[in-house]
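Notes follow the structure.
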Amino acid sequence: MRRVIDKTKPEDFPPNVQAIFKRSAPCSAWLNQELLEVDVEEGWVKIGYELGEPHFNRFGALHGGAIACVMDDVLAVAAGFVAQWGEIAPTLEMKVSYLNQGGAGHHVAEAKVIKRGRQINFLEATLARGDGKVIATATATIMIAPLKRPEKPKS
């Protein structure tokens, strides 16, 4: 069931969504990520991004790498919905198609899991400007794997 995000009631959401509220990834913060709607059962998410000059190429348009970063970010959130607590969903491969130019302002990305496997899942995403014009699409293959904490260096 699709649900609009209410940040004042994080306890109403499953742990994988609550974790996003508690600690934003530094890259997601750089992209000014804001969860808008989720459907955890379906593996679907809608995220707003406020993009501007730090995300531009030298010509004043959104840099292709920044767009790819947004796509990987939204795909990772959707992929995380199908993982169990204690698992991660690293991207194995991603293809981005650039359809139109993006600029400064509000952008909306949507991603969903289109095929679930035991360890491998396939996803698709779109990124649109504030006026609704789609500027990029992406497909990705992700793997479900156990979270391994990095070892602490020995003193």
Legend entry - Of residues in the stretch 62-90 being modelled with pLDDT of 95 or more and among the β-branched types (Val, Ile, Thr), the one nearest to the chain's Cα centre (by Cα): 74
Inset, instruction - Pull up the stretch 1-35, narrow it to residues that are aromatic (Phe, Trp, Tyr) and in a helix (DSSP H, G or I), then point me to the one that is modelled with the highest pLDDT. - result: 30
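Please verify whether residue 112 is of a type in the set (D, E, K, R), modelled with pLDDT of 95 or more, within 17 Å of residue 39 (Cβ to Cβ) and not in a loop (DSSP other than H, G, I, E, B), treating the condition exactly as stated. Before you say what the answer is, go through the steps one by one.
Working: of a type in the set (D, E, K, R): yes; modelled with pLDDT of 95 or more: yes; within 17 Å of residue 39 (Cβ to Cβ): yes; not in a loop (DSSP other than H, G, I, E, B): yes.
Here the answer is yes, as residue 112 does meet what is asked.
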Inset, instruction - Looking only at the stretch 72-100, count how many residues are crowded, with 20+ Cβ neighbours inside 10 Å and within 18 Å of residue 115 (Cβ to Cβ). - result: 10
Inset, instruction - Might you check whether a residue that is crowded, with 20+ Cβ neighbours inside 10 Å and either hydroxyl-bearing (Ser, Thr, Tyr) or within 27 Å of residue 119 (Cβ to Cβ) (or both) occurs anywhere in the stretch 59-68? - result: no
Legend entry - Output for the stretch 102-133, where each listed residue is over 14 Å from residue 46 (Cα atoms), surrounded by 14 or more Cβ atoms within 10 Å (Cβ to Cβ) and in contact (Cβ under 8 Å) with a residue 24 or more places away in the chain: 102, 103, 104, 121
Inset, instruction - Give just the number: which of (1) crowded, with 18+ Cβ neighbours inside 10 Å; (2) among the polar types (S, T, N, Q); (3) more than 24 Å from residue 19 (Cα to Cα) does residue 139 not satisfy? - result: (1)
Inset, instruction - Filter the stretch 142-155 down to the residues that are more than 19 Å from residue 43 (Cα to Cα) and either surrounded by 15 or more Cβ atoms within 10 Å (Cβ to Cβ) or not hydrophobic (A, V, I, L, M, F, W, C) (or both), then identify the one that is modelled with the lowest pLDDT. - result: 155
Legend entry - Selected residue (criterion: surrounded by the most Cβ atoms within 10 Å (Cβ to Cβ)) from residues of the stretch 1-38 that are without any contact (Cβ under 8 Å) to a residue 40 or more places away in the chain and in contact with a Lys or Arg (Cβ under 7 Å, 6 or more places away or on another chain): 37
Inset, instruction - Determine, yes or no, whether residue 144 is in contact (Cβ under 8 Å) with a residue 24 or more places away in the chain and under 27 Å from residue 32 (Cβ atoms). - result: no
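Which of the residues spanning the stretch 91-114 are of a type outside the set (A, V, I, L, M, F, W, C) and closer than 11 Å to residue 79 by Cα?
Step one: of the stretch 91-114, the residues of a type outside the set (A, V, I, L, M, F, W, C) are 91, 93, 95, 97-98, 100-103, 105-107, 110, 112.
Of everything in the stretch 91-114, those that are of a type outside the set (A, V, I, L, M, F, W, C) and closer than 11 Å to residue 79 by Cα turn out to be 91, 112.
Quick one: would you say residue 51 is buried (at least 16 other Cβ atoms within 10 Å of the Cβ) and not hydroxyl-bearing (Ser, Thr, Tyr)? Write out each step before concluding.
Values: buried (at least 16 other Cβ atoms within 10 Å of the Cβ): yes; not hydroxyl-bearing (Ser, Thr, Tyr): yes.
In short, yes.
Quick test for you: out of 56, 21, pick the one residue that is of a type in the set (Phe, Trp, Tyr) and more than 24 Å from residue 96 (Cα to Cα). Reasoning before the result, please.
On the way: 56 fails: more than 24 Å from residue 96 (Cα to Cα).
When all the criteria are applied, what remains is 21.
The values are calculated or read from the model by the stated rules, or taken from the named source; none is laboratory data. Predicted model, so just to flag it, every value in this text is computed and none were measured. A quick note on method: Cβ atoms are made from the backbone with ideal geometry, for glycine too, and the neighbour counts reach across all protein chains shown.
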